[in-house]
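I have placed the structure first, in the form of structure tokens, so that the comments after it can refer back to it.
Every number here is computed from the coordinates shown, using simple stated rules; none is lab data. It should be emphasised that the depicted structure is a prediction, and the values quoted were computed from it without experimental measurement. Neighbour counts are summed over all protein chains in view; Cβ atoms, including those assigned to glycine, are modelled from backbone coordinates with ideal geometry.
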Amino acid sequence: MLSEWVILVTSFGYLGILFGIAYLGDKRADAGNSIISNPYIYALSIAVYCTTWTFYGSVGRAAVSGVGFLPIYLGPTLIAAVWWFLLRKIIRISKTFRITSIADFLASRFGKSAFIGGLVTVIAIAGIIPYISLQLKAVSSTFNVLHLYPALERVPKSVEITIWSDTALYVAIIMALFSILFGTRHIDATERHEGMVAAIAFESLVKLLAFLAVGFYVVFVLFEKPGDIFSLAADSAPMSMLTHMKTSLESYSSWFVLTLISVFAVMFLPRQFQVLVVENVNEEHVKKASWLFPLYLFAINLFVVPIALAGKITFFGSSVDADIFVLTLPLTYGEKFLALFVYIGGLSAATGMVIVETIALSTMVSNDLVVPVLLRIKALQHENLSSLLLNTRRLSILLVLLLGYLYFRFIGEAYALVSIGLISFAAVAQFAPPFLLGLFWKGASRRGAAWGLSIGFAIWMYTLIFPSLAIAGWIPISFIDEGLFGIPALRPYHLFNIEVFDPITHSVVWSLLANTGILVIMSLTGQQSVQEKIQAKLFVDVFKQSPMLRGSPVWGGTARVSDLTGLLVRLLGQENCNRALERYERRHGISLSSIKEADAGFVEFVERELSGAIGAASARVMISTVVEGEDVSIDTLMRVLDETSQVIEYSHRLEEKSRELETATQELKRTNERLKELDRLKDEFISTVSHELRTPLTSIRAFSEILCDDIDMDREKRRELLNILVTETERLTRLVNEILDFTKLESGTYSWAFEEVDLVKVIRESLRSSGQLAQSTSAQVSEQLPRKAVMIVADRDRIMQVIINLVTNAIKYSGENPKVEIRLHDEGPHVRIEVADNGPGIPHEEQERIFEKFHQITDRRTGKPHGTGLGLSICKRIVEYHRGRIFVQSSPGHGATFIVILPKKQVAP
Amino acid sequence: MPEFRKKIERLTALLIGGILLLNFPLLAIFHRDALWFGLPALYMYFVTAWALFIALVAVILERS
């Protein structure tokens, strides 16, 4: 339908854009201006999880088993919920110890074991090669469908075409070129491949848009609304099946197992580990990615079921492969360019996966398979290895792609897309037990991991790979039906004669059971070596360590600085070596040229640098060739580790304690200040009170003495003196009463009796009480009160005390001809009592202070104070206790008005 | 630090809840012929539960 040329030009144009983006990404990274350093690019790059298997295969699987394609995306969604602490721990470990791949991680964790590294690499290759071939198959077959449509019967089987006319080969070559160009720029594999990541993120965007485009087209253009597809499908029995699940033990167990292995796949597939951990720029990006990536999965799967149903309806009765519905649906309805866009989406899904996977695998092959061998070759002992290393990685990329291509040509045709993918997932699931147990359990041992992995891998081979060889005709088919040597309990799909599982579930259940069981049992029964214990502790407790720990004496022997730098030069090249050494000198503020004997810290540093280039296990071997002497003893080492973590623990606790102490001290200081102030006030109070009491006492004593001495005093004179004595005693009594009142109020021991009272009555009563004083001074007291009762909640006696006090003051301080007026205003929630006099008024600066205790206004006429200086202070306290306000308005010469504002209701005091 | 722990606890609970909700036997509840809003019940259930799960993760993580 579309001419071959159009498709080719578009494909190469698209790949050209990818090269451009990658080039730009690397350029920006070199300039120190990263374009990938944000959580969105990070989340998009994780979406490399979605390969052609998602792009084409999901619809294919949905067409057969309905929602059965979903577990592959639900698993990652679920585990992403805990990435924030799980993945962050992995990233922290990997950055700290310069981990380059999943193989390196496991090797490092289990005592830098070269064997584990190699084993993981072998499992990964065996598991991933079919997966890579699946991508090539998808690209090649969709290319053929696109240009041969509608003559689909002419789409050739891969065995029928010569290698040179096979699109898949060229695709493989271009991808290899891309991976080599952008994946092997640095000798240090822990350095990020920013260009590659930028390109991958772009590809994720393209495949999402392409899939959404075809989804929208099918759902809203072909069928107008999603409901139509489902109601059409519901009419035919075989199709309505698709929105159901089979309700059997087999289907539910399969559902669970698929969820489980997809959880493992999204973290432990070499390419996933690469983008999640190695290419991570900033741990904090994990936070957003934890929900953005699931959101991506959600979006790309939303239209899968509708498309599958639409395909089923459209191609009912014809033999169109459900795996290519996304492509054939737009083609059937003549939407050429939509189909072309979909094809590009599929191409981006394939290339993204292949590029990252080959880069990740090449690092593993080179570091964990080739380098250990190279290091043992005598002839290379003194050669410069850095360019050799890079070339090994380049060759590994070519080799991986070549193997993928060969698998595709000779075995891959027999399977649907999804089945091949699931076989890979089952292989990668073997990494989960040692990885997860090793991450949280220090006891997990190297021997346990090695045996667990080996047996798990063997069971996987036996239950999934051998049968596929039998199906392809390489070994007799009776192997599947009758079992090895004709023993039914050894049938590869039904081990131990258990027949409830489908092949994938069956394989995963047995291999993971064996893998985990062996790891746990052997770890519990065996001994760990020194190296293992150290690594276990470093990994599990990664968040508890401080940089202090680096440079701890993991190496007990001695080494010459020149030997160590020699190693760096051989493996990293002169330039990289110089840069690394400069970094070290700067950080530690020393000059290496002046030192001969390396300290443990420098040895550790060199080992880490080497780890980044050749993996932890090989770096260990290299270092051991130049360090003379023995490993430190286990006791010394564990003690150092324990001490360091204890010291850190202690210092944390100390810091906390000292913080607590500091707050306590502050608290104490404040309390102390307050107490001092109170003490001062108390002293002042006592001295004032004593003084106040002494004045009347003195005059009482003086006059009494006069009376005593002079018995013959005349009556008139004696009466006068006795009158003075009575007044002074009254004054003294009043003073003592007020002091008692005041201390009660002050200390809060006074018991208040709140009740509903009529303020009008209270005021009248108060005026009656002070009537005597008014008469004796011939003062005019007038009132201006509302007719109705004004009810407020208050302590009756106290309020009376306030009013009496104010009125008495007004009378006392008024001039010759005292006029006092008392007014009451009802102001809604408040009442306002005003006591006005026609006295000399109160100077402005005194208006605040008259409410202070012992503040007395000196009478201008007599020069003597009138009262005790406590009256207003008591009034103020009473009013405030009622949550009211008291203040004075006055201007000298025009009298003064005391105003009390009281709320009508009291909130429970 | 307690804030951090709280988040971890919530996320872990969410993970366990998600695993339970998306597996037998809870899944079997929605396994019926009914149509919800014109779409099959099981399909609707997946779409809703999935979206809800993602939203909850986002809320827990992004709320400061």
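Would you list, by chain and number, the aspartates and glutamates whose Cα falls below 18 Å from the Cα of residue A:905, excluding same-chain residues fewer than 8 positions away?
Qualifying aspartates and glutamates at Cα under 18 Å: A:755, A:756, A:758, A:795, A:797, A:826, A:827, A:880.
Residue-wise, which Karplus ³J(HN,Hα) couplings in Hz belong to segment A:732-746, taking 6.51 cos²θ - 1.76 cosθ + 1.60, θ = phi - 60°, and x for glycine or proline?
5, 4, 4, 4, 4, 4, 5, 5, 4, 3, 4, 5, 4, 4, 4
Other chains near A:78-87: what is the mean number of their Cβ atoms within 10 Å of each residue's Cβ?
Average per residue, whole number: 6.
From zero outward in steps of 5 Å, how is the percent of C-alpha pairs of segment A:389-504 spread across the bins?
2, 10, 14, 17, 17, 16, 13, 7, 3, 1
Once both axes come from the Cα atoms, what is the angle between helix A:796-813 and the longest principal axis of chain A, in degrees from 0 to 90, rounded to 10?
The answer is roughly 50 degrees.
Mind listing the long-range amide H neighbours of residue A:573? Cut-off is under 5 Å, sequence gap 5 or more, other chains count too, H placed in the peptide plane at 1.01 Å from N.
Sorted by chain and number, the residues that satisfy this are A:386.
Under a Cβ-only charge scheme (Lys and Arg +1, Asp and Glu -1), can you give me the dipole magnitude of segment A:673-776 about the Cα centre, in debye to the nearest 20?
Value, rounded to 20: 140 debye.
Take the residue pairs A:788/A:904; A:788/A:876; A:89/B:7; A:207/A:288; A:744/A:876 and return only those whose Cα atoms are more than 23 Å apart.
Listed pairs above 23 Å: A:788/A:876.
Over all directions, the average projected area of the alpha-carbon convex hull for segment A:555-632 comes to how many nm²?
4.6
Applying the Karplus parametrisation 6.51 cos²θ - 1.76 cosθ + 1.60 with θ = phi - 60° to the phi angles of segment A:70-76, what ³J(HN,Hα) value in whole Hz is obtained for each residue in order, glycine and proline being reported as x?
5, x, 4, 9, 5, x, x
Give the aspartates and glutamates whose C-alpha is closer than 20 Å to that of residue A:312, dropping any in the same chain fewer than 8 places away, or say none.
Qualifying aspartates and glutamates at Cα under 20 Å: A:153, A:224, A:228, A:235, A:321, A:323, A:335, B:33.
Less than 18 Å apart at the alpha-carbon level, and either on another chain or at least 8 residues along: which lysines does that give for residue A:112?
Excluding near neighbours in sequence, the set is A:95, A:442, A:533, A:537.
When the Kirkwood hydrodynamic radius is evaluated over all pairs of different C-alpha atoms of the protein assembly as shown, what value in angstrom, to one decimal, is obtained?
Result for the protein assembly as shown, one decimal place: 35.5 Å.
At 20 °C and 1.002 mPa s, grab the translational diffusion coefficient of segment A:752-903 from Stokes-Einstein with a Kirkwood Rh over Cα pairs, rounded to a whole number in µm² per second. Don't skip to the answer; put the middle values down first.
Numbers: Rh = 15.6 Å.
Estimated via Stokes-Einstein, D reaches 137 µm²/s.
Whole number please: convex hull volume per residue of the Cα set in segment B:2-62, in Å³?
66
Tell me, what ³J(HN,Hα) does each residue in segment A:201-212 have, in order and in whole Hz, if you take phi through Karplus 6.51 cos²θ - 1.76 cosθ + 1.60 with θ = phi - 60° and put x for Gly and Pro?
Karplus values, whole Hz, x for Gly and Pro: 4, 4, 4, 4, 5, 4, 5, 5, 4, 4, 5, 5.
Would you work out the charge dipole size for segment A:322-400 about its Cα centre, treating the Cβ of every Lys and Arg as +1 and the Cβ of every Asp and Glu as -1, and quote it to the nearest 20 debye?
320
Write down, largest first, the equivalent ellipsoid semi-axes of segment A:4-437 in whole Å, where each equals the square root of 5 times an eigenvalue of the alpha-carbon gyration tensor.
Semi-axes from the Cα gyration tensor: 36, 24, 21 Å.
How many angstrom lie between the C-alpha centres of segment A:493-509 and segment A:33-108?
Answer, in whole Å: 27.
Highest mean first, how do A:719-730, A:303-314, A:6-17, A:647-658 rank when packing is the count of other Cβ atoms within 10 Å averaged over residues?
Numbers: A:719-730: 13.4, A:303-314: 23.8, A:6-17: 15.4, A:647-658: 10.8.
So the order, starting with the most tightly packed, is A:303-314, A:6-17, A:719-730, A:647-658.
Relative to the longest principal axis of the C-alpha atoms of chain B, give the angle of the C-alpha long axis of helix B:41-62, reported between 0 and 90° and rounded to the nearest 10°.
10
By per-residue mean of other Cβ atoms within 10 Å, what is the highest-first order of A:172-178, A:120-126, A:272-278?
Values: A:172-178: 20.6, A:120-126: 22.9, A:272-278: 25.6.
Ranking, from highest mean packing down: A:272-278, A:120-126, A:172-178.
Using 1/(1 + (r/R0)^6) with R0 = 30 angstrom and r between the beta carbons of residue A:585 and residue A:37, what's the FRET efficiency to the nearest 0.05?
That pair, residue A:585 with residue A:37, gives E of 0.60.
Percent of Cα-Cα pairs per 5 Å bin, from 0 to the last occupied bin, for segment A:637-722, please list those.
3, 11, 9, 8, 6, 6, 6, 6, 6, 5, 5, 4, 4, 4, 4, 3, 3, 2, 2, 2, 1, 1, 0
Just to confirm the number: angle between the C-alpha axis of helix A:634-709 and the first principal axis of chain A, 0 to 90 degrees, nearest 10?
Approximately 10 degrees, to the nearest ten.
Rounded to the nearest 20 debye, what is the charge dipole size of chain A about its Cα centre when +1 sits on each Lys and Arg Cβ and -1 on each Asp and Glu Cβ?
In debye, rounded to 20, chain A gives about 320.
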